[in-house]
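Below: one structure, written as structure tokens.
The values are calculated or read from the model by the stated rules, or taken from the named source; none is laboratory data. Only a predicted model underlies this, so the values are computations on that prediction, with no experimental measurement involved. Neighbour counts are summed over all protein chains in view; Cβ atoms, including those assigned to glycine, are modelled from backbone coordinates with ideal geometry. Accessible surface is based on the protein model in full, side chains and every heavy atom, while ligands, DNA and RNA are left aside. Shrake-Rupley method; radii C 1.70, N 1.55, O 1.52, S 1.80 Å.
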Amino acid sequence: MRLDLRATKDLPKDWKVRFGGGLSQGSLETLGVGTLYDLVLPNFVSSEATAIVSHPFFESRVFYNRFQTDTTLNAASVGQTLMPARAEQNVLNVDALFRLPFNTGNVVHKLTFGGVYRYKNIDFTFLDARRIEHHGSFFLEEEAKIGKYLALVGDYRLDYVPYLTGFVHSPRGALLVHPTKLSTIRLSGATQR
């Protein structure tokens, strides 16, 4: 069974509100590679709720996801059990971004920045303990259009990843050439941890 409901409301002065939610439930069998090669979810329930407030210069989104199921294996390798297990996951996410367009001479700029907070609560019987994680990130992007054929994009992202117990820095940049209206050549550079 799947239910989904979404709505949008336009407000004065270019503000918009969107909200919705969904529910899926049923059974599922996945055939994978490795030790969990025939996993059965005999009765899963997955639900989500979302709210978004937006404006041409601002957007904020909140969503909540919940997944709950019993699990079992149809076939087990030597040393594995066919005993059923329980899985539950809850995720709450809040993010906001700001867009600031401006011009310097003939160069059109679009500065975008924002942040994200994510709470995860995971309880699977095949894990040693309940996992509670707090994730966070900040990003900054500058796009500069120089005439109609050339654009430069610079981007920086800082993520806090709890299982890495630290911050991950991700700067990147790109040069975009638009030889025609329907084509783009992109040269990109980035770092990787």
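Over the C-alpha atoms of the stretch 56-137, the Rg to Rh ratio, Rh being the Kirkwood estimate, stands at 1.31. A Cβ-based charge dipole, computed about the Cα centre of the chain with Lys and Arg at +1 and Asp and Glu at -1, lands at about 740 debye. State the answer as a single residue: which of Ala129, His109, Val94 lies farthest towards the positive end of the charge dipole of the stretch 94-139, with beta carbon charges of +1 for Lys and Arg and -1 for Asp and Glu, about the Cα centre. Positive-end residue among those listed: His109.
Rounded to 0.05, the FRET efficiency of the Gln89 and Leu187 pair, given R0 = 35 Å and the Cβ-Cβ distance, is 0.35.
Site pair Thr81 and Val62 shows an inter-label distance of 4.0 nm when each label is modelled 7 Å from Cα along Cα→Cβ. Legend: residue pairs Lys110/Lys181; Lys9/Lys120; Lys16/Lys120, Cα-Cα distance threshold 25 Å; pairs beyond threshold, Lys9/Lys120; Lys16/Lys120. Computed over the stretch 105-163, the P(r) curve from all C-alpha pair distances, binned at 10 Å from the origin, holds 19, 29, 20, 16, 10, 5, 0 percent per bin.
Once C-alpha pairs closer than 8 Å and six or more residues apart are averaged by separation and normalised to the residue number of the stretch 1-85, the relative contact order reads 24 percent. Rg/Rh for the stretch 1-152 (Cα atoms only, Rh after Kirkwood) is 1.15.
Between Lys110 and Leu28, the simple label model (points 7 Å from Cα in the Cβ direction) yields a spacing of 3.4 nm. Near Ala96: Cβ cut-off under 10 Å, other residues only, Lys/Arg at +1 and Asp/Glu at -1. The net charge is -1. Applying 0.36 nm per residue to the separation of Phe19 and Ser170 and subtracting their alpha-carbon distance, the gain on full extension is 51.2 nm.
Looking at the square roots a ≥ b ≥ c of the eigenvalues of the Cα gyration tensor of the stretch 44-88, which shape do they give, rounded for a/c under 1.5, prolate if a/b is larger than b/c, or oblate? Verdict is prolate for the stretch 44-88. Note that the chain presents 67 Å² accessible area per residue, ligands and nucleic acids not counted, probe 1.4 Å.
Of the accessible area of the stretch 52-193, computed with a 1.4 Å probe over protein heavy atoms only, carbon and sulfur atoms account for 62 percent.
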